[in-house]
Amino acid sequence: MTHRALDPATDGTGSSSGPATALAVTGVGLVTAAGIGVDASWEGVCRGDSAGARDDRLAGLPVDIACGVPGLDPVRHVGRRSPLTQDRFVQLAVVAAREAVADSGLDPKTWDGARVGVVVGCGLGGVSTWEAQHSRLLELGADQVSALLVPMLVPNMAAGHLAMDLGATGPNLVTATACASGGTAIGTAAGLLRDGSCDVVVAGGSEAGVSPLMVTGFTRMGALSRRVDEPAAASRPFDADRDGFVIGEGSGMLVLERARDAAARGARVRARLAGYGASADAYHLTAPDPKGAGALRAMRAALAQAGVGGDEVDHVNAHGTSTRLNDAVEASVLRGLLGDRATVTSAKGVLGHTLGAAGAIEAALTVLSVERSTVPPTANLRRPDPAVDLDVVAGTPREQKVEVAMSNSFGFGGQNAVLVFTAA
């Protein structure tokens, strides 16, 4: 199988009248419920062992299960003042971004910070800070509320802290498109590179929504799995017995550059970001368009920008939430657009639904699938839904040459973001 690759010698000019200029992914960073770092996260999703477990932060709630990040020590992993100045969603972002930048081989001490941008997707912001400080207000009085309440909870603070940590003084943005936020951030970063605003962009998503209020809200909506007695089996994308998602937390970050710049410095390119598509369902607050029209528009736009057809897609990292309607609609659209040749997986069976971070975490996993010719399994797929007429990988990882891969992200409000990656 071949796809219409771009000439590396001309990448980055922005002058092509055909497919959009492909961009190089030179760094990847991950912090997930499977572990801290790319290796731990990749090994976890490839094992297919769900990270769902009872979570002390949710004790006493009707749904008290989550996919939390294990072993994160803010002082050791971020810095001495981190617990006083940063919400957990910021801490996760800093750890993932540092790994991605180190992986890229770039040195923040020597780069031109004015040419480095940061784009971070986040759907909620500092909800743990909000809840904790509201409790202090009610129980202890106004004088006991932290003076840093506001700068710890606003959603742009992950991007702001990354800029300070990395010395990145170029464009600094946050995208908030619900559960599509991480994918939207990476697509936005691509635009900054193609229009010449930046030479390097650190882009991804971060979310720490495992909190009593957020989980109660999702529970009241009927969005969460009720399998509290078997938390490791609760998240089961595309399974006939799925009953909702398990909330997760984490961060995924990519370092993006124009391919010619990466080649000039001899960087290792893990994959190329070739296409991005975005759309709105304009249908319902939380439910997807049952015909999948918005998702389909975003997929087609991403493929068109990449210059590839649906019959050339080898693999899809699906949004795959483990909710009945979302999985069914996504599967129907994928089948209609791609046929049956593409393998499909959902990381949410292992990692849970990380909300605004999901698109970035799953984009990073898609990059790794392209680079490593391996598709991780969809955890807990015990009784495949007969209505899901797709080649959903289950049980064990599948070795597969992946030349073209798609990563889907869909969010409340009808937000759709689709990324296409190709082999370097």
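On a full-extension model of 0.36 nm per residue, what is the gain between residue 140 and residue 226, subtracting their alpha-carbon distance, rounded to one decimal in nm?
Value of the extension gain: 27.5 nm.
Just name one of 282, 353, 379: the one whose Cα is farthest towards the positive end of the charge dipole of the chain (beta-carbon charges, Lys/Arg +1, Asp/Glu -1).
Working it through, the farthest residue towards the positive pole turns out to be 282.
Using θ = phi - 60° and the Karplus relation 6.51 cos²θ - 1.76 cosθ + 1.60, list the HN-Hα couplings for the range 118-124 in order, rounded to whole Hz, with x at every Gly or Pro.
9, 9, 10, x, 7, x, 10
Evaluate E = 1/(1 + (r/R0)^6) for residue 300 and residue 197, where r is the Cβ-Cβ distance and R0 equals 30 Å; express this FRET efficiency to the nearest 0.05.
My answer for the efficiency is 0.70.
Please list, short to long, the whole-number percent of alpha-carbon pairs of the range 154-220 in consecutive 10 angstrom bins beginning at zero.
With 10 Å bins starting at 0, P(r) equals 19, 45, 24, 10, 2.
Could you give each residue of the range 171-178 its phi-based ³J(HN,Hα) in whole Hz, using Karplus coefficients 6.51, -1.76, 1.60 with θ = phi - 60°, and x for Gly or Pro?
The phi angles translate into x, 10, 10, 10, 10, 10, 10, 6 Hz.
Select from 405, 302, 147 the residue whose mean-square fluctuation is largest in a Gaussian network model of the chain (Cα-Cα springs shorter than 10 Å).
Top of the fluctuation ranking is 147.
Give the Kirkwood hydrodynamic radius (Å, one decimal) of the range 43-192, defined as one over the mean of 1/r across all pairs of different Cα atoms.
17.3
What is the fewest-to-most order of 179, 46, 198, 122 by other Cβ atoms lying within 10 Å of their Cβ?
Arranged by neighbour count, lowest to highest, 179, 46, 198, 122 become 46, 198, 179, 122.
Size of the dipole of the chain about the Cα centre, Lys and Arg at +1 and Asp and Glu at -1 on the beta carbon, nothing else charged, in debye to 20?
240
What is the distance in Å between the Cα centroid of the range 209-271 and that of the range 70-135?
Each part reduced to its Cα centre gives a spacing of 17 Å.
Treat each spin label as a single point 7 Å out from the Cα along the C-beta direction, and report the residue 80 to residue 148 distance in nm.
1.3
Evaluate E = 1/(1 + (r/R0)^6) for residue 373 and residue 335, where r is the Cβ-Cβ distance and R0 equals 22 Å; express this FRET efficiency to the nearest 0.05.
0.35
Which percent, nearest 5, of DSSP beta bridges in the range 23-422 are antiparallel?
65
Per DSSP H run of at least 4 residues, take -39500 (n - 2.57); add these up for the chain, divide by its residues and hand me the 222 nm value, nearest 500 deg cm²/dmol.
-10000 deg cm²/dmol
Give the value in nm², to one decimal: projected area of the alpha carbon convex hull of the chain, averaged over all directions.
It is 18.9 nm².
Please compute the contact order of the range 146-278 in relative form: average sequence separation of alpha-carbon pairs under 8 Å and at least six residues apart, divided by the residue count, as a percent.
23
What FRET efficiency would be calculated for the residue pair residue 102, residue 56, taking the C-beta separation as r and a Förster radius of 30 Å, to the nearest 0.05?
In this case the efficiency is close to 0.40.
Where the centre of each part is set by its Cα atoms, how far does the range 379-424 sit from the range 145-207, in angstrom?
26
When the chain is fully extended, how far beyond the present Cα-Cα distance does residue 382 get from residue 241, taking 0.36 nm per residue of separation?
Full extension from residue 382 to residue 241 adds 49.9 nm.
Bear in mind that the values in this text are calculations on the coordinates, not laboratory data. Since the model is a prediction, treat every value here as computed from it, not as a measurement. Glycine also receives a Cβ, built like all others from the backbone with ideal geometry; neighbour counts cover every protein chain displayed.
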